[in-house]
1. Rounded to the nearest 0.05, what FRET efficiency do ARG94 and SER250 give with R0 = 51 Å and r taken as the Cβ-Cβ distance? Could you check?
2. Rank TRP184, GLY137, SER148 by how far each Cα sits towards the positive end of the charge dipole of the range 94-201 (+1 on Lys, Arg Cβ; -1 on Asp, Glu Cβ) and give me just the farthest.
3. Round to a whole angstrom and tell me the spacing of the C-alpha centers of the range 64-82 and the range 163-204.
4. May I have the convex hull volume per residue, in Å³, for the Cα set of the range 181-268?
5. Taking the chain as a Gaussian network, where each spring joins two C-alpha atoms under 10 Å apart, which residue of GLN32, GLN19, GLN113 fluctuates the most?
6. Take the alpha-carbon centre of the range 84-114, take the same for the range 274-309, and report the distance between them in whole Å.
7. Within the range 218-298, which trypsin sites (Lys or Arg not before Pro) sit in a loop by DSSP and count at most 16 neighbouring Cβ atoms inside 10 Å?
8. Could you give the alpha-carbon Rg of the range 106-218 over 2.2 N^0.38 Å, rounded to two decimals?
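The values are calculated or read from the model by the stated rules, or taken from the named source; none is laboratory data. Because the structure is predicted, anything quoted here is derived from the model rather than measured. Cβ atoms come from the backbone with ideal geometry, glycine included; neighbour counts cover every protein chain shown. Areas reflect the complete protein model, heavy atoms only, side chains present, ligands, DNA and RNA absent. Shrake-Rupley method; radii C 1.70, N 1.55, O 1.52, S 1.80 Å.
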Amino acid sequence: MDESQEPQPAQVPHELVAQLDRKLDATNELLQRMLAEVAKTPSTHAIFVDAGYVYAAGGLLVTGTEDRRSFDLDAEGLIEAFIDKARTIFADSRLLRVYWYDGARRRIHTPEQQSIAELPDVKVRLGNLNANNQQKGVDSLIRSDLESLARHRAISDAALIGGDEDLVSAVEAAQGYGARVHLWGIEAAEGRNQAEPLLWEVDSQRTFDLDFCKPYVTRRPVTLYEQDGPAPSREDVRFVGARIAATWLSERGRAALADLLPGHPYLPGPVDQDLLIEAERLLQYSLRGHADLRRSLRDGFWQHLQSQY
């Protein structure tokens with residue numbers, strides 16, 4: 001077959017080529033505008049604070065105790081310090097808000113939690129407190145917020161202040177939607193106060209030392225009661241114990257009572273400490289050196305609770 005007789009490729013009409021070129025130019029122009037818009041849009045970060053961790057780790061580092069009743073935390077000052085630190089780390093990013101997770105009886109804000117909720121750019125989210133003053137439901141709240149914000153592209157970076165291993169799932173959920181999660185912690189006096197699996201999962205880590213925390217944690221003065229007067233009778237102390245039990249039950253409800261009763265005759269440490277402090281306040285008398293009176297106090301507390309079950 002003669003080469004001159006071979007079929008020639010079809011010629012594309014010039015008008016169609018010009019039309020394709022115009023569409024390609026329009027597409028390129030649209031992409032360039034979108035890229036320019038994205039470049040002008042700042043990234044966004046949020047700060048997620050497990051308040052239980054902050055109180056426990058900060059109190060232990062500065063005052064040597066995790067007991068919230070033994071120290072005051074300047075939450076407003078500490079939150080502002082966290083915001084300033086984030087502003088430095090995420091220099092080209094804007095703050096969405098600070099999420100402050102804490103526990104409360106029946107999820108009702110305490111006066112301190114109300115004042116924190118009123119701060120600008122701060123949202124307080126409450127889990128519950130059980131009979132032993134342990135937080136319940138806080139980790140699930142953190143996961144829900146982290147995952148939702150990451151899924152909707154509301155944040156690009158999350159600063160997570162906590163240490164519980166249960167937060168690993170929250171980190172994984174946020175990272176699954178493309179957000180970077182940065183774990184912030186408070187220096188531990190000994191060992192670690194953050195779970196290793198959590199440390200392994202996050203994108204970066206940062207620890208705040210004693211100098212950073214010290215301005216925001218202040219030990220409360222110990223209340224001393226004059227012992228010049230006569231000691232209260234066992235019956236008086238037993239009555240006070242019953243009175244405190246009535247208040248305890250009205251605040252916490254029967255579900256908390258059901259959790260407490262199996263431990264009779266022993267009270268969980270936090271409950272026993274609260275009982276002692278409140279009894280001393282009402283009696284205006286220190287029971288620290290009176291084992292017999294403290295037994296009467298617990299007897300009165302238990303007797304009232306058991307009579308209501």
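1. On the way: r = 45 Å, r/R0 = 0.89.
Calculated value: 0.65.
2. The residue sitting farthest along the positive end of the dipole is SER148.
3. Each part's Cα centre sits 21 Å from the other's.
4. On the way: hull volume 20.8 nm³, N = 88.
In the range 181-268, the Cα hull volume divided by residue count equals 236 Å³.
5. Answer for the Gaussian network model of the chain: GLN19.
6. 37
7. In loop regions of the range 218-298 (DSSP not H, G, I, E or B), the sparsely surrounded trypsin sites (Lys or Arg not before Pro) are ARG288.
8. Numbers: Rg = 15.2 Å, N = 113, 2.2 N^0.38 = 13.3 Å.
That works out to 1.14 for the range 106-218.
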